[in-house]
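S.K.: Shown below is the structure under consideration.
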Amino acid sequence: MRMEKTGARKLSAEGREVLRRIVIRLRQQSGMPIKALARIAGIHFRAVESWLSRARREGAGSLGEKKRGRPVGACRKLMLADEAWLRETIVGQAPQQMKLPFALWSRPAIKTLIQERFGIEMQDRLIGKYLKRWGFTPQRPIKRAQEQRPEEIEKWLKHTYPGMLARMKAEGARIYG
């Protein structure tokens, strides 16, 4: 019985683990050659060799998936406490309160803050990755200005602005927007 080689990478993690256990059990029960096991399983014989040697060294329980990639938090420039402080600062304060020459929190503003506070030079792209990880998206601020007075704005729009508009038209002024 010959299966087409699909490669274990195309299987799910559970599928790979089941395949490993089946191959190990077949080898133990029947003593089949490695290449025959590889043909039946549809994988390369080197994979079967490594599974068998790992099972011999560490036991059949070692056939589960190993954690891959870098550990969470590795290779980050900011410590977790620094990240928390930075997030709170961005949400709770304006750049002017931190004595920065910016109107809104932008990548350059955050870059300047990080440089001043932590002494770390970061690229705008990395700052963008941090912002995305924290759930910040490029948009207008949600908070309204604290000094905004909606009733006075409404009064200005209904009474003052129409008079100004009429006077500007009478004087031949150019009106934008």
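S.K.: Can you tell me which residue among Arg39, Arg21, Arg46 is of a type in the set (D, E, K, R), assigned to a helix (DSSP H, G or I) and in contact with a Lys or Arg (Cβ under 8 Å, 6 or more places away or on another chain)? First the steps, then the outcome.
M.R.: Numbers: Arg21 fails: in contact with a Lys or Arg (Cβ under 8 Å, 6 or more places away or on another chain); Arg46 fails: in contact with a Lys or Arg (Cβ under 8 Å, 6 or more places away or on another chain).
Answer to the check: Arg39.
S.K.: Considering only residues that are of a type in the set (Lys, Arg) and free of Cβ contacts under 8 Å to residues at least 12 places away in the same chain, look in segment 36-64 and name the one that is surrounded by the most Cβ atoms within 10 Å (Cβ to Cβ).
M.R.: Residues of segment 36-64 of a type in the set (Lys, Arg): 39, 46, 54, 56-57.
In the following step, the residues that additionally are free of Cβ contacts under 8 Å to residues at least 12 places away in the same chain were identified as 46, 54, 56-57.
Details: Arg46: 10, Arg54: 16, Arg56: 11, Arg57: 8.
Across segment 36-64, the extreme among qualifying residues is Arg54.
S.K.: Looking at segment 1-24, which of its residues are modelled with pLDDT of 75 or more, of a type in the set (A, V, I, L, M), over 12 Å from Gly64 (Cβ atoms) and within 31 Å of the chain's Cα centre (by Cα)?
M.R.: Leu11
S.K.: Looking at (1) assigned to a helix (DSSP H, G or I); (2) under 30 Å from Gly73 (Cα atoms), which one does Trp156 not meet, given that it meets all the others?
M.R.: All conditions are met except number (2).
S.K.: Also: Exactly one condition in (1) outside any helix (DSSP H, G or I); (2) surrounded by 12 or more Cβ atoms within 10 Å (Cβ to Cβ) is false for Arg117; which is it?
M.R.: Just one mismatch for Arg117, condition (1).
S.K.: Assess whether Gly15 counts as being surrounded by 11 or more Cβ atoms within 10 Å (Cβ to Cβ), among the small types (Gly, Ala, Ser) and more than 30 Å from Gly128 (Cα to Cα).
M.R.: Details: surrounded by 11 or more Cβ atoms within 10 Å (Cβ to Cβ): yes; among the small types (Gly, Ala, Ser): yes; more than 30 Å from Gly128 (Cα to Cα): yes.
It is true that Gly15 is surrounded by 11 or more Cβ atoms within 10 Å (Cβ to Cβ), among the small types (Gly, Ala, Ser) and more than 30 Å from Gly128 (Cα to Cα).
The rows are residues; the columns are (1) among the basic types (Lys, Arg); (2) within 30 Å of Gly135 (Cα to Cα); (3) touching a Lys or Arg at 6+ places or on another chain (Cβ under 8 Å); (4) not assigned by TED's automatic domain parsing to the domain that holds Arg125.
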{"site": "Gln28", "(1), (2), (3), (4)": "no, no, no, yes"}
{"site": "Pro33", "(1), (2), (3), (4)": "no, no, no, yes"}
{"site": "Gly73", "(1), (2), (3), (4)": "no, yes, no, yes"}
{"site": "Ala84", "(1), (2), (3), (4)": "no, yes, no, no"}
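The values are calculated or read from the model by the stated rules, or taken from the named source; none is laboratory data. A quick note: this is a predicted structure, and the numbers were derived from the prediction, not measured. Using ideal geometry, Cβ is built from the backbone for each residue, glycine included, and neighbour counts are taken over all protein chains shown.
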